[in-house]
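Step one of this worksheet: look at the structure below.
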Amino acid sequence: MIKAIVTDIEGTTSSIHFVHDVLFPYAAKHLPAFIRGNRSIPAVDNALQEVARISTLAPDDTDALITQLLQWIASDQKVTPLKTLQGLVWEQGYRNGDYKAHIYHDALAALQKWHQQGLALYVYSSGSIYAQKLFFGFSEGGDLTTLFQGYFDTVTGPKREADSYQKIQQALGWPAEEILFLSDIVEELDAAAEVGMHTAWLQREGDMLQHPRHQCATTFTDIALD
């Protein structure tokens, strides 16, 4: 019996187009000025120090670090310090009312129903935990943060590696067979299934494909919990 549901965001609860056509361009446009104006903030400086370490750039070469970050954004790299900085920039956009996070109506309805039924809901996304909370806090459906009991990001580990899901299972405390993971990426579902989690493959666009290992659905309404 399913006791906990862990959901991805991009392509699962939210349109991939919102992330790529709104959030990524916003970060690319505003990141340089944000970094130059906020380098003295510990969270910003710590992230830049990590960028320097990963890219072997000089920690005090702000321009070079910005260039590296913009390159990572352009190629959609899942680099933890980039995700941290993107979250901080996106906060400005959310709080300024520049946009609200898109959420599919079926996802909103299902998450609210599952919460009311007493299921424990969690998020696992490549975006930072901070960005995840902003996303659900400033969504088109209102502040949805109270629906979730916890969040996981790439600090836990890469989303296509089974060890990441093992860590999530241990953190949740339920047997893997009582946890359902939702994603639009088969490789992520494969990794979750490897540790014994139930899985559901959300296919928002195109004809639905069947998979021998994963439950397949076009919307949250189609997901079976039994």
Taking the range 158-169 as the region of interest, how many residues are surrounded by fewer than 18 Cβ atoms within 10 Å (Cβ to Cβ) and either touching a Lys or Arg at 6+ places or on another chain (Cβ under 6 Å) or in contact (Cβ under 8 Å) with a residue 40 or more places away in the chain (or both)?
-> 1
Limited to the range 170-224, what total is found for residues that are open to solvent by less than 50 Å² (accessible area, probe 1.4 Å) and either among the aliphatic types (A, V, I, L, M) or under 19 Å from A120 (Cα atoms) (or both)?
-> 24
Restricting the first residue to the range 142-155 and requiring it to be without any contact (Cβ under 8 Å) to a residue 24 or more places away in the chain, which pairs with a second residue that is among the charged types (D, E, K, R) and open to solvent by 20 Å² or more (accessible area, probe 1.4 Å) meet a Cβ separation below 9 Å and a spacing of at least six or different chains?
-> T145/K133
Which of (1) out of contact with any helix residue (DSSP H, G or I) (no Cβ under 9 Å at 6 or more places or on another chain); (2) within 27 Å of L82 (Cβ to Cβ); (3) not basic (K, R) does F181 not meet, given it meets every other one?
-> (1)
Looking only at the range 129-145, and only at residues there that are open to solvent by less than 30 Å² (accessible area, probe 1.4 Å) and either touching a strand residue (DSSP E or B) at 6+ places or on another chain (Cβ under 8 Å) or part of a helix (DSSP H, G or I) (or both), the one that is farthest from Q116 (Cα to Cα) = A131
Within the range 107-118, how many residues turn out to be surrounded by fewer than 18 Cβ atoms within 10 Å (Cβ to Cβ) and touching a residue at least 40 places away in the same chain (Cβ under 8 Å)?
-> 1
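The values are calculated or read from the model by the stated rules, or taken from the named source; none is laboratory data. The model shown is predicted, which means the values in this text are computed figures rather than measured ones. Virtual Cβ from ideal backbone geometry, glycine too; neighbours counted across all protein chains shown. Keep in mind that these areas ignore ligands, DNA and RNA; they rest on the heavy atoms of the full protein, side chains included. Shrake-Rupley method; radii C 1.70, N 1.55, O 1.52, S 1.80 Å.
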